[in-house]
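This report refers to the structure that appears directly beneath it.
The values are calculated or read from the model by the stated rules, or taken from the named source; none is laboratory data. Predicted model only: the values in this text are computed from it and were never measured. Backbone-built Cβ (ideal geometry, glycine too); neighbour counts: all protein chains shown.
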Amino acid sequence: MREYKLHETMQNFTSKIICNKCGQVFDLEEGYGLETWQAEFMHQFKLRFGYASNHDTEDWKFDLCENCIEEIAKDFKIPPEITNYL
């Protein structure tokens, strides 16, 4: 979940990112911004459900911290494919 504030330039900026699973808060308002290393530990997910699913026509958007992502992935029957991009 992301909280936004109106910046003095009249543009919205992300002031907080909160993990939807554990509730950990990354406060980006303290003179930081999305470029800061803190935001790198949070990942935003966007899902669009298809026709005939239990969530037909719904779009979901949520943020998870890396600890919660690792915790969820531990329950996978087939582990995620991991590659290094460097």
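Worth pointing out:
- Matching residues in segment 48-86 - criterion: being surrounded by 10 or more Cβ atoms within 10 Å (Cβ to Cβ), part of a loop (DSSP other than H, G, I, E, B) and hydrophobic (A, V, I, L, M, F, W, C): Phe49
- Tally of residues being modelled with pLDDT under 90 and surrounded by 11 or more Cβ atoms within 10 Å (Cβ to Cβ) across segment 36-47: 5
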